[in-house]
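The values are calculated or read from the model by the stated rules, or taken from the named source; none is laboratory data. Remember, predicted model here, so these are calculated numbers, not experimental data. All Cβ positions, glycine included, derive from the backbone under ideal geometry; neighbour counts span all protein chains shown. We work out accessible area using only protein heavy atoms, side chains counted, and drop any ligands, DNA or RNA first. Shrake-Rupley method; radii C 1.70, N 1.55, O 1.52, S 1.80 Å.
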Amino acid sequence: MSFQVLGLDAKILRAVSEAGYTEPTPIQTAAIPPIIAGHDLIGIAQTGTGKTAAFTLPILTKLAALPPNPRRGTKVLVIAPTRELVVQIEENIKAYAKHLPLTVSTVFGGVGEQPQIRALRSGTDVVVACPGRLLDLMGQRAADFSQLKHLVLDEADRMLDMGFLPSIRRIVQALPKQRQTLMFSATLSKEIESLTHEFQRAPKVVQIGRRANPAETVTQFVYEVPKHLKTSLLLHLLQDPQMDMVLIFSRMKHAADRLARQLEQKGVRCATLHSNRSQNQRLKALKDFKDGAVRVLVATDIAARGIDVDGISHVVNYDFPMHVEDYIHRIGRTGRANQIGDAISFVTNEDNAELRALERFIGRGIVRKKAEGFNYTAAAPPYNPAEEGRHFSQPRNQSRPQRPQHQGGQPRQEQSGQRRWRR
Ligand code: AMP
């Protein structure tokens with residue numbers, strides 16, 4: 001299947017080909033034609049399946065087809081739960097719209113309001129926003145949505161989890177009734193279904209894969225470990241140079257900071273991402289991680305939601321997630337866009353019930369692994385500043401051995417500069 005048959009505008013096809021995409025992903029193949037036809041849609045797709053392009057490409061095609069002098073004003077509103085996701089969606093939209101005369105701007109908290117107010121007042125074509133700040137600015141009459149044609153609620157399940165429903169209701173009530181509403185979610189729960197009745201009209205449902213199935217390009221392992229040895233085990237595993245871009249999940253913000261400090265003391269370059277950090281600190285942490293200036297990013301669930309960073313080699317659940325949905329979102333940060341990735345979970349005695357619940361949910365057991373050469377009976381080692389910098393300081397990509405191909409499936413490595421989707 002090629003992008004050409006989906007009915008997309010020629011300028012958008014050009015941008016897609018410049019992005020290196022050779023064929024649409026399954027969610028794109030399924031969602032683009034009904035969106036172009038004007039239907040409301042619920043897209044149920046795992047993380048990393050290409051869902052941002054699945055809604056952006058057809059919406060941009062519709063904007064490109066508008067008459068040359070339509071009334072100025074925002075025509076597309078995309079709402080997403082976190083600032084990081086908003087920035088990422090904006091980057092994607094700008095890339096796909098690069099040959100169109102459209103303006104895109106973002107609205108989220110933690111930064112000054114004035115530039116956002118100016119952008120909204122200028123009638124920017126596409127607004128990508130977090131619900132809280134958007135509602136504030138709408139309260140100040142900064143936004144004019146009278147010309148709005150398309151509304152997208154991305155990561156709708158997480159927006160509900162984060163308690164955004166009242167804000168979203170108030171935002172949606174202020175929008176024109178005549179509009180197209182698209183909703184994307186990793187899981188289709190009863191709550192999501194009831195939201196669709198509230199906000200959508202006869203939506204088409206597009207569901208890729210089983211509901212809430214962990215990304216299939218990710219190999220999952222469990223390490224059973226006494227609680228006091230988790231950091232030692234992590235340091236032991238980090239001696240493997242294949243772990244060259246590692247996203248580590250911690251349940252609590254202060255524990256994330258502490259872990260990052262401990263890793264830094266051992267010479268592992270780290271950044272942290274959680275909601276106590278300022279917006280600039282969060283953006284810098286992500287940039288350093290993307291650029292390879294740090295090898296490890298320690299994050300909490302909410303901050304890491306929706307992060308799209310290419311090439312994450314490993315996700316480590318340092319703290320086992322409380323909810324299966326969090327597990328699925330966490331491990332979906334690796335194995336994106338057809339790359340391979342490993343998800344490692346540390347499981348202590350206290351986590352056994354959650355592990356069993358997860359295995360029941362995904363319908364299979366997760367392989368138990370033992371770290372070779374690691375002393376599982378040791379007492380926690382005291383911190384020794386003299387060891388600082390040993391073993392772990394080699395920069396990314398130096399002496400990284402070739403990762404083995406996965407067995408039994410199609411090759412998952414990207415091909416010479418082109419990005420192919422695995423069927
Ligand atoms: P998303 O699910 O929207 O977060 O997208 C995950 C990743 O897939 C992003 O890095 C996109 O750039 C990439 N992507 C989206 N569509 C395609 C495609 N058709 N072929 C290859 N990569 C894609």
### Query
When N counts the residues of segment 1-139, how does its alpha-carbon radius of gyration compare numerically with 2.2 N^0.38 Å, as a ratio?
1.06
### Query
In straight Cα distance, which lysines are under 28 Å from Lys11, not counting same-chain residues fewer than 8 positions off?
Lys51, Lys62, Lys75, Lys94, Lys98, Lys149, Lys204
### Query
Over what distance in Å are the Cα centres of segment 55-122 and segment 20-42 separated?
19
### Query
Which loop-located trypsin sites (Lys or Arg not before Pro) does segment 4-76 contain, where loop means any DSSP state but H, G, I, E or B and the Cβ has at most 16 other Cβ atoms within 10 Å?
Arg71, Arg72
#### Entry: Positive minus negative residues near Met252 (Lys, Arg vs Asp, Glu; Cβ under 13 Å)
0
### Summary
Sorted by chain and number, the residues with a modelled amide H under 5 Å from that of Gln220, at a separation of 5 or more or across chains, are Ala343
## Note on the structure
segment 218-372 accessible area per residue, 1.4 Å probe, protein heavy atoms, integer Å², reads 38
## Note on the structure
Residues meeting the amide H criterion for Met183 (H placed from the backbone, H to H distance under 5 Å, 5 or more places apart or on another chain) are Leu41, Ile42, Gly43, Leu153
### Message
Can you compute the charge dipole magnitude of segment 218-372 about its Cα centre, using +1 on each Lys and Arg Cβ and -1 on each Asp and Glu Cβ, nothing else charged? Give it in debye, rounded to the nearest 20.
### Response
260
### Amide H contacts under 5 Å for Ala299, placed H, 5+ residues apart
Ile248, Phe249, Ser250, Leu273
### Query
If you keep only loop residues by DSSP, which GluC sites (Glu not before Pro) in segment 188-286 have at most 13 other Cβ atoms within 10 Å of their Cβ?
Glu216
### Query
Rounded to the nearest whole Å², what accessible area per residue is found for segment 114-213 with the 1.4 Å probe?
46
### Query
Given a 1.4 Å probe and the protein chains all in place, what does the accessible area of Ser189 round to, in Å² to the nearest 10?
40
### Summary
Here segment 180-185 yields Karplus 3J(HN,Hα) values (6.51, -1.76, 1.60; θ = phi - 60°; whole Hz; Gly and Pro given as x) of 9, 10, 10, 10, 10, 7
### Task
Work out, in µm²/s and without decimals, the Stokes-Einstein translational diffusion coefficient of segment 218-372 at 4 °C, 1.567 mPa s, Rh from Kirkwood over C-alpha pairs.
84
### Query
Rg/Rh for segment 99-167: what does it come to with C-alpha atoms and Rh from Kirkwood?
0.97
### Whole-percent carbon and sulfur share, accessible surface of segment 218-372, 1.4 Å
48
### Task
Please compute the net charge surrounding Ser122, taking Lys and Arg as +1 and Asp and Glu as -1 over other residues with Cβ under 12 Å from its Cβ.
+1
